[in-house]
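Please treat every number below as a calculation from the coordinates, not as lab data. Please read all numbers here as calculations on a predicted model, not as lab measurements. Glycine gets a Cβ as well: all are built from the backbone with ideal geometry, and neighbour counts include every protein chain shown.
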Amino acid sequence: MPAFAELHAALEQLKREHLYRTRHVSEGPQGPEIDVDGRRLLSFCSNDYLGLANHPEVIRALQHGAEHYGVGSGAAHLVSGHSAAHHALEEELAVFVQRPRALLFSTGYMANLGVMAALLRRGGAVFEDRLNHASLIDAGVLSGARLLRYTHADAPALEARLAQSAVKQKLVASDGVFSMDGDLAPVPTLAASSARHDAWLMIDDAHGLGVLGRNGGGVLEHFGLGMAEVPILMGTLGKAFGSFGAFVAGSDELIETLIQRARSYIYTTATPPALAEATRAALRLVQSEGWRRERLSDLVARFRAGAAQLGLLLAESITPIQPLIVGDAARAVQLSQALNEHGILISAIRPPTVPEGTARLRITFSAVHSEAQVDRLLEALDEVIRGSGPQSPLSMEEGT
Ligand SMILES: *Cc1c(COP(=O)(O)O)cnc(C)c1O
């Protein structure tokens, strides 16, 4: 079995490089504290930013949905799987993001593949931020168009790339909030460049929707931009919405094109209608409970102030994604394990998810964390980082 021997050697290699990934088994719902591998841990690594994944109203909506629709949707949307629940959710999402139409996809990954497959052809070009989510990168590769990557969050670099391109069909795609860094894309300048060069602009706001903007309208509400500047908006439902799935919102023509041509929409079973009912309940909470966003930004501010006092170097971020960049993969794993011994769950994010030499602890917050829990995290970080020696890249000189 030579093939297995090869796989075995490659797996061993990953272990030696501290890049081997393992899964934690959780035994209960998402929340500030979760039961993992038989222990109760304080969790700072979920994307359930508003604390809706285990909300009683969302659970009840899922239960009622199942009683009404059963479990399986039975078919793809274009066959017989498109239910009144899906349809209502699409209409409500469109209103929420102030666009004529929205279209549900099973996952964000599939939404990104679908958009690029539908809009790009061989001979076209897609321009992507270097730190874009893997699904956007894969979507660009699979579209058959030429993939050009520009320096992270660097609008002039995009402008230069667009100016050099003689291609007619162009699409610019960027995360709205970068998933592993928590910083925002310079969407207003990306939009200006895209308009100047007649390129589509697509923003994947997986981590901004529900979180940023007074009404949770995401990075576009934060910057005060609409469909004229950003014709293609993608949002996911498995993060701040605490549910599952994704959608694309835009003009009637865009949505009809996706229905006709997006292969990841057409050739897959519709998600369970009950799930759409759960997401509708979550959407109502996202809109009506603005206190969740305020609470979240208070907790983030508390964490950043505490971290500054401890001399921890945090990346520039106003979002609930607050990475501590460690550099070395082995060190990130070691810190994650030390935190685990202190009862705190934060996973080490390593290449290829992030660039070589930028392994990190990706710390995330949720509106349902308490202030005391944030303080406990700060204490634990202080202990594990200080306890791991003066050569630590994270501890700065006192007073700086
Ligand atoms: C999570 C994420 C996705 C994928 O969404 P899923 O619904 O989990 O498949 C896409 N883009 C970004 C930026 C994400 O963070």
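Structure values in brief
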quantity: With at most 12 neighbouring Cβ atoms within 10 Å, loop trypsin sites (Lys or Arg not before Pro) (DSSP) excluded, longest segment of the chain; calculated: 215-400
quantity: Cα gyration tensor shape of the range 233-278, rounded if a/c is under 1.5, else prolate or oblate by comparing a/b with b/c; calculated: oblate
quantity: Mean Kyte hydropathy of 0.0 or more with a Cα span along the axis of at least 20 Å, helices from DSSP in the chain; calculated: 273-288
quantity: Distance (nanometres) between label positions extended 7 Å along Cα→Cβ at GLN63 and GLU253; calculated: 4.8 nm
quantity: Ranked list, fewest to most other Cβ atoms within 10 Å of each Cβ, for ASP138, ASP198, ASP48; calculated: ASP198, ASP138, ASP48
quantity: Local electrostatic count at ILE34 - Lys and Arg +1, Asp and Glu -1, tallied over other residues with Cβ under 13 Å; calculated: -3
quantity: Gaussian network model of the chain, Cα within-10 Å springs - most flexible of LEU184, LEU104, LEU147; calculated: LEU147
quantity: Residue of HIS133, HIS77, HIS64 that the Gaussian network model of the chain assigns the largest fluctuation, springs spanning Cα pairs under 10 Å; calculated: HIS64
quantity: Three-way shape call for the range 271-400 based on the alpha-carbon gyration tensor, with the a/c threshold at 1.5; calculated: prolate
quantity: Of TYR20, TYR265, TYR69, the one that fluctuates the most in a GNM where the chain has Cα springs shorter than 10 Å; calculated: TYR20
quantity: Listed peptides 199-207, 363-371 by packing density, highest first (mean Cβ within 10 Å); calculated: 199-207, 363-371
quantity: Dipole magnitude of the chain, debye to nearest 20 (Cβ charges: Lys/Arg +1, Asp/Glu -1, about Cα centre); calculated: 860 debye
quantity: Potential lengthening between ASP35 and LEU14 on full extension [0.36 nm per residue; Cα-Cα distance subtracted]; calculated: 4.8 nm
